[in-house]
1. Just grab the label-to-label distance for Lys184 and Asp12, each label 7 Å out from Cα along the Cβ direction, in nm (one decimal).
2. If I take R0 = 41 Å and measure r between the Cβ atoms of Gln65 and Glu43 in this structure, what FRET efficiency does the formula 1/(1 + (r/R0)^6) give, to the nearest 0.05?
3. Per residue, how large is the accessible surface of the chain? Use a 1.4 angstrom probe and give square angstrom.
4. When the chain is modelled as a GNM with alpha-carbon springs shorter than 10 Å, which of Pro232, Pro75, Pro29 fluctuates the most?
5. List the relative contact order of region 218-270 as a percent without decimals, with contacts defined as Cα pairs under 8 Å and 6+ residues apart.
6. With the contact rule set at Cα under 8 Å and sequence spacing of 6 or more, what percent relative contact order holds for the chain?
7. For region 74-195, state what percent of all Cα-Cα pairs lands in each successive 5 Å bin, counting from 0 Å until the bin that includes the largest distance.
8. For the chain, what % of the accessible area comes from carbon and sulfur atoms, probe 1.4 Å?
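The values are calculated or read from the model by the stated rules, or taken from the named source; none is laboratory data. For clarity, every value in this text was computed on a predicted model and none was experimentally measured. Positions of Cβ are generated from backbone atoms using ideal geometry, with glycine treated the same way; all protein chains shown enter the neighbour counts. To get the accessible areas, we keep the full protein, side chains included, count just its heavy atoms, and leave off ligands, DNA and RNA. Shrake-Rupley method; radii C 1.70, N 1.55, O 1.52, S 1.80 Å.
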Amino acid sequence: MKLATLKRGGRDGKLVVVNRALTHCRAVPAIARTLQQALDDWEACEPQLRQVYEALNSGAFADAQAFDPEQCHSPLPRAFQWADGSAYVNHVELVRRARGAELPPEFWTDPLMYQGGSDSFVGPRDPVLALSEDWGIDLEAEVAVVTGDVPMGASVEQCGKAVRLLMLVNDVSLRNLIPAELAKGFGFFQSKPASAFSPVAITPDELGDAWMETRVHRPLTVHLNGALFGQPDAGTDMVFNFAQLIAHAAKTRELCAGSIIGSGTVSNKQGGLQGSSIAHGGVGYCCIAEVRMYETIEGGKPQTPYLRFGDTVRIEMTDAQGQSLFGAIAQTVQPYQASV
């Protein structure tokens, strides 16, 4: 099943069911007006939403409206919880190597996670906004899950069953602001602006065999200014699966329905700069920082610039037949101008 939120009907938008081909959709106010409302009563709403989905796919609704990702907000325009992990330890290891630091052994057994701002996500076609290019604007292409209610101390098995939906995310980072923030010993805040999620959230069954052990085994494709920048497999080298990440988040607190847990930047182990880029036959990258790490390790300093105003980013995942699963995140980097 595929669900989206249109930018109408208030701050939390209007829930629509979208057909598998991402061509048509239908509002379902009699079932739930918003995605959060559906998640709050998932056991009752999910079967009704699925009936609409099956009817859409069969062409039963003559009045179904065309689905336009340009009109979409993130599936959850705001959420009670957004916690982002770092399940791809290869990415963390590269970051530390670039500055000459060793990777603590516990990073392989205990996930990294930070709590991000969740009060104002942006739509999948909205711009990436910043006041200055000097902040070091970077994309981070990831996969995320949306949970149902999770009790404190839930087992990994329980947490796997709590996955309701999956999305893609561009978890923008302001790299040049990160060092000073982390040096304070209190984590990210200013360096993590609003994230954008895919036009559509999908139930795990839409992935078929690609959903195994709560990992998504499909390439995540990133285009930068129209050129292929990365296509690493999201299931490969994911040290901590989503069930483990949810269990980590729920160790000391309950998670309410609608909590979002991110995978962290998708990253595959590769053979250095010359073997990792698309141009040299590698799978490329899901963030600019990673190629800059390889450049620093092998050449002493980074060469690839961070995002500049006017740059475009596209993040997408397809099934084995080439059909887009979530729709594409397609954003342009623009200077922020406050509305008066």
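1. About 3.1 nm, to one decimal.
2. The formula returns an efficiency of 0.90 here.
3. With the other protein chains kept in place, the chain gives 44 Å² per residue.
4. Pro29
5. This gives 36 percent for region 218-270.
6. 22 percent
7. In whole percents, the pair-distance histogram is 2, 9, 16, 22, 20, 16, 10, 5, 1.
8. Solvent-exposed carbon and sulfur of the chain make up 50 percent of the total.
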